[in-house]
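The values are calculated or read from the model by the stated rules, or taken from the named source; none is laboratory data. Every value quoted in this text rests on a predicted model; they were computed, and no experiment measured them. Ideal geometry is used to build each Cβ from the backbone, glycine not excepted, and the neighbour counts take in all protein chains shown.
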Amino acid sequence: MNKIYLDHAATTPIAPEVFAAMEPYLKEYYGNPSSIYTLGQQAAQAISEAREKVANAIGAKEEEIIFTGGGSESDNTALKGAAFALKDKGRHIITSKIEHPAILSTCQQLEKYFGFDITYLDVDNEGFVDPDDVKKALRDDTILVTIMMANNEIGTIEPIKEIARIVKERDVYFHTDAVQAVGQIPIDVNELGVDMLSMSSHKINGPKGVGALYVRKGVKILPLIAGGAQERNRRAGTENVAGIVGFGKAIELAAENLEENAAYLRNLRDRLINGIENNIDDVILNGPRGEHRLPNNVNFSFRYIEGESILLNLDMLGIAASSGSACSSGSLDPSHVLLAIGHSHETAHGSIRFSLGKGNNEKEIDYVLEVVPGIIKKIREMSPLYEG
Ligand SMILES: *Cc1c(COP(=O)(O)O)cnc(C)c1O
């Protein structure tokens, strides 16, 4: 059977170079980085080198990088950290309706349990946040704006630089969830003008359970995890040394080959998009076309049918894809992102995301294009919604 993995927005396979870099830190260099003897200092040195790689990849300083337990923890740290540090200054936060659940659920917690007031901005039918809407939503008690750099479901790349410029005209922090953007589009925190930026290792061929939060020098956050003095008192707990080393290697590789990988992925992406549009009726491409779409993202609504049945049929042929985000695919609720861009519940339910990786090739895309029209036809013929 074929095995065609098209769910890189959910997670990616670990790169061999990354695994090789990690292995010694799981075996011989097991010391605690806080210990002063050599075995500990070897681990501390490895973390320091990884920190330099992460900082370099986004134009930051090393002391501005906090290693975390992944993208979700980075998002929680940024939002709760800033909210709790600034609660006496104001309690208003601005975000968008299409953020990852790590942002949206955190906002809901801040609202429900801590008395914060959250504005959830609408997006247009391609998923773009209008910088003007951010401007209009800013208030005297606004302390934080968080807008994702690129959407994980429909691939929309948000105008982060423009939004940051508007936010920074005021004394307000600006955070962006860049988990999907890292390795796909160039990131320079100073050029973008962001105060905080979330990253995750396992979306860029690194290990799971590790990520980082960039926090601009001078930005105040209360640590989410209290305890020891690790990460300059901003994230307690003995470091995930091997994970951090792997993340460092993964982001270094991603940054080195960024343009080349992005061009390769854009070609595969557009081959898949064009092939589906040319061969299947009643399909809607979700998200924008061209340069404002993530190089690896394809998301279609196939009208009159359920995404879940498409997924099961694809799986029988060895093709792994997703019906929206992995986090919401366990539930029956349609994707909040697809609803926010204006789809009905029915149309949102018939949506599939193919997210590509550098291990994919044209032959695989052509195989997918060969089998998908038949799958859609078969399911539609059984669908009470479809009249042919
Ligand atoms: C995957 C993802 C996250 C969560 O990252 P984890 O490392 O899995 O916790 C957050 N935001 C976006 C946009 C993501 O795609």
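Worth pointing out:
- Residue ranges of strands (runs of 3 or more DSSP E) in region 131-239 with at least 3 members touching a strand residue (DSSP E or B) at 6+ places or on another chain (Cβ under 8 Å) and within 16 Å of the ligand (Cβ to nearest atom): 173-177, 196-200, 211-215
- Subset of region 283-309 that is buried (at least 22 other Cβ atoms within 10 Å of the Cβ) and of a type in the set (Val, Ile, Thr) - its residue that is nearest to residue 153 (Cα to Cα): 298
- Against the test of being surrounded by fewer than 19 Cβ atoms within 10 Å (Cβ to Cβ) and β-branched (Val, Ile, Thr), the options 119, 106 yield a single qualifying residue, 119.
- Selected residue (criterion: nearest to the chain's Cα centre (by Cα)) from residues of region 70-128 that are acidic (Asp, Glu) and either farther than 15 Å from residue 196 by Cα or away from the ligand (no atom under 16 Å from the Cβ) (or both): 99
- Number of the exception - residue 239 against (1) of a type in the set (Asp, Glu); (2) under 28 Å from residue 350 (Cα atoms); (3) in the same structural domain as residue 60 (by TED's automatic domain parsing): (2)
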